[in-house]
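Below: one structure, written as structure tokens.
The values are calculated or read from the model by the stated rules, or taken from the named source; none is laboratory data. None of the values given here were measured: they were computed from a predicted structure. Backbone-built Cβ (ideal geometry, glycine too); neighbour counts: all protein chains shown. Protein only, heavy atoms only, side chains kept; ligands, DNA and RNA dropped before computing areas. Shrake-Rupley method; radii C 1.70, N 1.55, O 1.52, S 1.80 Å.
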Amino acid sequence: MTSDDLPIGRRVAHWRIRRSMTQQMLADRLRRSKSWVDKVERGVRSLDRYSVIQELAHVLRVDPEVLLGQQRATPAGPPDGVDDIRAALARYDTPQAPPQSAEELRRQFGYAWLSYQHAHYGQLVRVLPGLLDAVQGAQTPELLVQAYRITSSLLVKLGEADLGWLAADRAMSAAGDDSILAATAAISVAQALRASNRDHLALTAALTAANRITPTPAHPRDHEVDGPSEDQSDRQPHDHRGGGSVAPRRSAGEWAVGGTLLLQAALAAAGGSESRRADELIDRAAGVAAGLRGYDDVHRTSFGPVAVDVARVVVATQRGDAADALQRHGTVVRREAWRRLPAEYRGAYLVDVARAYLQMGDLRGAARALVDADSVAPAEVRCRPLARTVIADVARAQPAPAGVARLATLVGLTR
């Protein structure tokens with residue numbers, strides 16, 4: 001068995017021993033119990049949260065990739081297997097897949113989300129058809145929404161926006177009357193519509209969903225949201241004081257979904273040349289983010305103040321204000337929260353930053369951003385059609401900036 005094949009708990013135990021640490025020492029540094037560490041190492045407790053794996057990696061002084069298994073070389077071009085996902089989406093009868101418990105499916109989707117967050121798209125393409133079959137047999141709304149969301153997100157990355165929209169629409173249907181599930185599905189709908197250059201439709205979808213769970217505050221402090229460390233029973237975000245209906249209580253994670261929808265709406269507005277509206281929506285999202293004190297990101301949004309700052313950079317790039325975008329970018333990457341974002345998130349953002357450098361005519365800056373993106377999340381650069389276009393624009397320079405010539409060769413843009 002190679003190190004890549006080892007369960008993640010065994011890799012944690014391996015590196016703990018190499019660092020001359022007992023289970024109690026590791027537990028103390030993580031501020032967890034020795035029992036928790038023991039269960040992780042024995043595989044009794046699964047590690048399906050990016051933030052927890054990152055925290056473990058920090059204490060063990062290794063890269064998170066080491067705990068997840070060595071990252072295999074990322075091939076250039078979209079990975080094979082999209083047709084298998086298309087076939088899975090086209091099966092309308094209940095597949096005859098071996099029945100699995102909801103708990104087992106949740107565990108598998110936890111690892112699938114980790115694969116996505118680490119931009120292991122080739123691995124995800126291979127496992128999603130089977131997961132889609134399994135979850136359709138389970139017919140659990142929460143799991144169906146998760147399945148279709150992650151499928152939609154991956155397809156959008158791989159340039160299959162219309163197929164991604166189909167998966168996102170399936171997520172909306174599976175959500176039924178559950179407002180939070182519907183809101184998470186709307187994130188995928190907006191992403192797919194934006195990728196299809198249907199920005200107006202994306203704006204409508206995202207803003208409609210956002211308004212259901214993050215109504216415009218009546219008072220400046222109404223955006224204050226309690227994290228899990230405080231009692232939320234006595235606090236009411238967006239309580240419209242002075243009469244009228246009271247907004248339902250939301251957990252911090254649910255407010256993060258609303259904030260993410262506002263950012264999607266802002267990006268769609270910017271794509272539709274509604275710059276002022278985009279700024280207003282980002283400001284509104286910033287109000288939500290400012291009130292978040294830390295939460296368990298169960299809805300996989302990565303939302304927070306740094307996500308708002310990233311969106312401001314992307315919106316500035318979309319409206320052609322590259323100078324403002326790059327000035328903000330310099331601040332973003334110096335923040336500690338930036339390094340805690342998933343690799344997929346950072347890689348995609350750096351490709352957008354490369355576009356801003358191109359607007360400024362700074363080919364070397366664009367090359368640096370692309371090389372940085374490739375080091376953070378190779379699949380973001382080598383598998384995505386959008387990144388391929390940016391690489392081609394930079395590689396036209398003669399001679400091509402250092403690093404980009406290699407990337408151009410890897411993605412087949414040079415002979």
**Message:** Given the condition in a helix (DSSP H, G or I), touching an Asp or Glu at 6+ places or on another chain (Cβ under 6 Å) and under 21 Å from Ser275 (Cα atoms), answer yes or no: does some residue in the range 305-316 qualify?
**Reply:** yes
**Prompt:** With respect to Gly258, is the statement that it is in a loop (DSSP other than H, G, I, E, B) and either in contact with a Lys or Arg (Cβ under 8 Å, 6 or more places away or on another chain) or on the phi > 0 side of the Ramachandran plot (or both) true?
**Reply:** no
**Asked** Does the range 261-277 hold any residues that are free of Cβ contacts under 8 Å to residues at least 60 places away in the same chain and not in a helix (DSSP H, G or I), and which are they?
**Response** Ser273
**Item:** Where a residue in the range 343-366 is over 24 Å from Ile53 (Cβ atoms) and its partner, wherever it lies, is outside any helix (DSSP H, G or I) and among the aliphatic types (A, V, I, L, M), with Cβ under 8 Å and at least six apart
**Value:** Leu363/Ala397
**Message:** I want to confirm something. Restricting to the range 45-62 and keeping residues that are at pLDDT 75 or above and part of a loop (DSSP other than H, G, I, E, B), which single residue is most open to solvent (accessible area, probe 1.4 Å)?
**Reply:** Arg61
**Request:** Would you tally the residues in the range 298-320 being open to solvent by 20 Å² or more (accessible area, probe 1.4 Å) and under 21 Å from Asp63 (Cβ atoms)?
**Result:** 1
**Fill in**
Within the range 278-296, of all residues that are more than 20 Å from the chain's Cα centre (by Cα), free of Cβ contacts under 8 Å to residues at least 40 places away in the same chain and closer than 20 Å to Arg194 by Cα, the one least open to solvent (accessible area, probe 1.4 Å) is Asp279
**Fill in**
Selection from the range 107-140 of residues open to solvent by less than 10 Å² (accessible area, probe 1.4 Å), in contact (Cβ under 8 Å) with a residue 60 or more places away in the chain, assigned to a helix (DSSP H, G or I) and among the small types (Gly, Ala, Ser) yields Gly110
**Item:** Matching residues, the range 314-341, being closer than 30 Å to Val145 by Cα and modelled with pLDDT of 95 or more
**Value:** Val314, Val315
**Residues within the range 309-334 that are under 30 Å from Glu142 (Cα atoms) and in contact with a Leu (Cβ under 7 Å, 6 or more places away or on another chain), tallied** = 1
**Item:** Sole residue being free of Cβ contacts under 8 Å to residues at least 60 places away in the same chain, surrounded by fewer than 17 Cβ atoms within 10 Å (Cβ to Cβ), more than 17 Å from the chain's Cα centre (by Cα) and not in a helix (DSSP H, G or I), chosen from Ala402, Ala323
**Value:** Ala402
**Message:** Restricting to the range 376-399, and then to whatever is outside any helix (DSSP H, G or I) and out of contact with any helix residue (DSSP H, G or I) (no Cβ under 7 Å at 6 or more places or on another chain), can you tell me which residue is surrounded by the fewest Cβ atoms within 10 Å (Cβ to Cβ)?
**Reply:** Gln398
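Is it the case that Gln100 is part of a loop (DSSP other than H, G, I, E, B) and among the polar types (S, T, N, Q)?
Here the answer is yes, as Gln100 does meet what is asked.
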**Message:** So Leu410 ticks every box in (1) under 30 Å from Thr301 (Cα atoms); (2) surrounded by fewer than 21 Cβ atoms within 10 Å (Cβ to Cβ) but one. Which box is left unticked?
**Reply:** (1)
**Asked** Can you name the number of the only condition in (1) open to solvent by less than 50 Å² (accessible area, probe 1.4 Å); (2) in contact with a helix residue (DSSP H, G or I) (Cβ under 6 Å, 6 or more places away or on another chain) that Asp372 fails?
**Response** (1)
**Prompt:** Arg340 passes all but one of (1) in contact (Cβ under 8 Å) with a residue 60 or more places away in the chain; (2) open to solvent by 20 Å² or more (accessible area, probe 1.4 Å); (3) within 17 Å of Leu158 (Cβ to Cβ); which number fails?
**Reply:** (3)
**Request:** Select, from Ala102, Ala112, Ala90, Ala134, the only residue that is within 26 Å of Thr260 (Cα to Cα) and out of contact with any Gly (no Cβ under 7 Å at 6 or more places or on another chain).
**Result:** Ala112
**Message:** Of everything in the range 156-170, what is under 13 Å from Leu193 (Cβ atoms) and either open to solvent by less than 20 Å² (accessible area, probe 1.4 Å) or touching a strand residue (DSSP E or B) at 6+ places or on another chain (Cβ under 7 Å) (or both)? Give them in sequence order.
**Reply:** Ala161, Gly164, Ala167, Ala168
